[in-house]
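Here the structure is laid out as structure tokens; the discussion comes afterwards.
Just so you know, all these numbers are worked out from the coordinates, no wet-lab data involved. Every value quoted in this text rests on a predicted model; they were computed, and no experiment measured them. Don't worry about glycine lacking a Cβ; one is built from the backbone with ideal geometry, like all the others, and counts go over all protein chains shown.
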């Protein structure tokens, strides 16, 4: 199961799917109010988890990118017997800083971004695309691709986007991470400006069983900038026995 990040949709996986489908049967989950989703009301994490449980197979493995990683972690926490393996790609259980959680974004940044989204959605979304590639080598190809993905969304999706942003700004799934029993991998971009690589140390403190992989030179979109490396790590993780992780 692939779960995309905030403001994106299933088209973001298109360039990578050919590689993944060489090794896996892939199903893409589109978040409410994103892309072609017809759900145009505000939503909460609990709503989403119930919708997913009603539609997804009884047994599956998850790869969630950014907000999608948080969703996948929450799903594994609520339905532990239904998740075989979990990959959190450029993701974290807590996206906002606190006194005991520094490798994250400040609350002020989220508040300003949310305010701008409500007043000027298009410029705000373009800025978000830039943030996803900040820190690495400039890639106009990736930026153009992400902007093209953004264009495929329903006219009523602003409510869905705001709901997703609220989850990012408020959610704290550190306890869920601590309780995880399924094999789990954290896959980070070395130069990610949205999910700093230093978060790996926090993962180790909370749940030392989590395997950590850092893609050198990658930003927040390692599956776009380094698709072969990410695919190789994913295949290795998915095929490894529990004792090898």
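For this structure, a couple of remarks:
- Counting neighbouring beta carbons within 10 Å and listing from fewest to most, the residues 49, 175, 168 come out as 175, 49, 168.
- Modelled label reach - residue 141, point 7 Å along Cα→Cβ, the stretch 198-223 residues with backbone N closer than 14 Å: 223
- Stretching residue 119 away from residue 232 to a fully extended chain increases their span by 36.5 nm, per 0.36 nm per residue minus the current alpha-carbon distance.
- Whether the stretch 195-240 is rounded, prolate or oblate, judged on the alpha carbon gyration tensor where a/c under 1.5 counts as rounded: oblate
- Considering only the stretch 2-244, percent of DSSP beta bridges that pair antiparallel, nearest 5: 5
- Gap separating the Cα centres of the stretch 80-156 and the stretch 184-218, nearest whole Å: 17
- For the stretch 2-244, the convex hull spanned by the alpha carbon atoms encloses 114 Å³ per residue.
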